[in-house]
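See structure below.
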Amino acid sequence: MSTREETSMRISARNQLPGTVVSVEKGAVNGVVKIEVAPGVIITSSITNAAIEELELAEGKKAVAVVKATSVMVGLQD
């Protein structure tokens, strides 16, 4: 199967936040992608440049931020 073929898939992650890509910044190996999931609410993700290219991520493209974490850190301001 080609990486460009679209497939339908169900995944176990329950936190799936659809939105629109508002920024893509490629670095040497990894890039930073920002997805607006609600007005003024932006999820930022660090992914490989290869993934950015394979997913053809660009400003204005619809995307889904999928959050799957084994822990959540909590902090307090001094």
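Nothing in this text is a laboratory measurement; each read-out follows from the coordinates by a stated rule. This structure is a prediction, so every number in the text was calculated from the model and none was measured. Cβ: placed from backbone, ideal geometry, glycine included. Neighbour counts: every protein chain shown.
Overview of results
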read-out: Vicinal HN-Hα couplings computed from phi for segment 10-21 (Karplus, 6.51 cos²θ - 1.76 cosθ + 1.60; Hz; Gly/Pro x); value: 9, 10, 7, 5, 8, 8, 10, 10, x, x, 10, 5
read-out: Those GluC sites (Glu not before Pro) in segment 1-64 that DSSP places in a loop and that have at most 12 other beta carbons within 10 Å; value: 5, 6, 56, 59
read-out: Extended-chain gain in nm, criterion 0.36 nm per residue less alpha-carbon gap, residue 22 and residue 44; value: 6.9 nm
read-out: Rounded if a/c under 1.5, otherwise prolate or oblate - segment 1-67, Cα gyration tensor axes; value: oblate
read-out: Exposed trypsin sites (Lys or Arg not before Pro) absent - longest run of the chain, DSSP non-H/G/I/E/B, at most 16 other C-beta within 10 Å; value: 15-60
